[in-house]
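What follows is one structure encoded as structure tokens, with my remarks underneath.
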Amino acid sequence: MKASLDAKSILLAEDQFLIAMDTEHALQERGATDVRVVPSIRDALRLLTDFRPDAAVLDFSLADGTAIEVAAALTALQVPFVFATGYGDSVAIPAPYRHVPVVRKPYSAEDLVSTLNAVLRRSV
């Protein structure tokens with residue numbers, strides 16, 4: 001049985017077009033009803049001024065820098081999130097965010113959804 005996101009809204013910050021498309025589709029297939037994809041920190045912060053997702057997936061290294069500023073904004077909004085990275089263990093996540101789950105690229109849709117569900121359960 002597929003893990004479900006049960007009508008959740010998701011912010012997906014991903015600057016690799018094909019990964020973004022595949023992930024958006026996978027999230028929608030598993031029940032997310034509103035997936036908003038942004039390629040940059042600037043776009044994510046702008047979106048968060050009038051959109052409060054249920055959860056977020058942040059590519060740790062976006063084209064315009066690391067997603068730490070977006071992580072801070074999500075934390076202030078009390079929105080749970082996960083980091084995604086293709087850099088393995090070499091990525092240096094700052095101390096305030098070391099508790100945030102990290103999904104390693106290439107990740108399966110099931111791994112991503114189960115990780116999102118885990119952070120959603122913890123935030124209740």
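Two numbers describe the Cα atoms of the chain: Rg and Dmax, which are 13.0, 38 Å.
Rounded to the nearest 500, the 222 nm mean residue ellipticity of the chain from helices alone is -10500 deg cm²/dmol, with -39,500 (n - 2.57) taken per DSSP H run of at least 4 residues.
Would you mind getting the accessible area per residue of the chain, heavy atoms of the protein chains only, 1.4 Å probe, in Å²? Walk me through the numbers on the way to the answer.
On the way: 6500 Å² over 124 residues.
Here the residues of the chain average 52 Å² of exposed surface.
Explain nothing, just the number: dipole magnitude of the range 1-98 about its Cα centre with +1 on each Lys and Arg Cβ and -1 on each Asp and Glu Cβ, in debye rounded to the nearest 20. If you can, show how the numbers build up before the last one.
Numbers: 8 positive and 14 negative charges, 51 e Å.
Once rounded to the nearest 20, the dipole reads 240 debye.
Placing dummy labels 7 Å off each Cα toward the beta-carbon, the span from Phe17 to Lys105 is 1.5 nm. Distance from the C-alpha centroid of the range 78-124 to that of the range 2-26: 13 Å, rounded to the whole angstrom.
Please list, by residue number, everything in the range 45-62 whose backbone N is under 19 Å from a paramagnetic label point 7 Å out along Cα→Cβ of Tyr87. Counting only backbone N, you get 57-62.
The values are calculated or read from the model by the stated rules, or taken from the named source; none is laboratory data. Note that the coordinates shown come from a computational prediction; the quantities given were computed from them, not determined experimentally. Glycine also receives a Cβ, built like all others from the backbone with ideal geometry; neighbour counts cover every protein chain displayed. Ligands, DNA and RNA are excluded from the accessible area calculation, which covers all protein heavy atoms including side chains. Shrake-Rupley method; radii C 1.70, N 1.55, O 1.52, S 1.80 Å.
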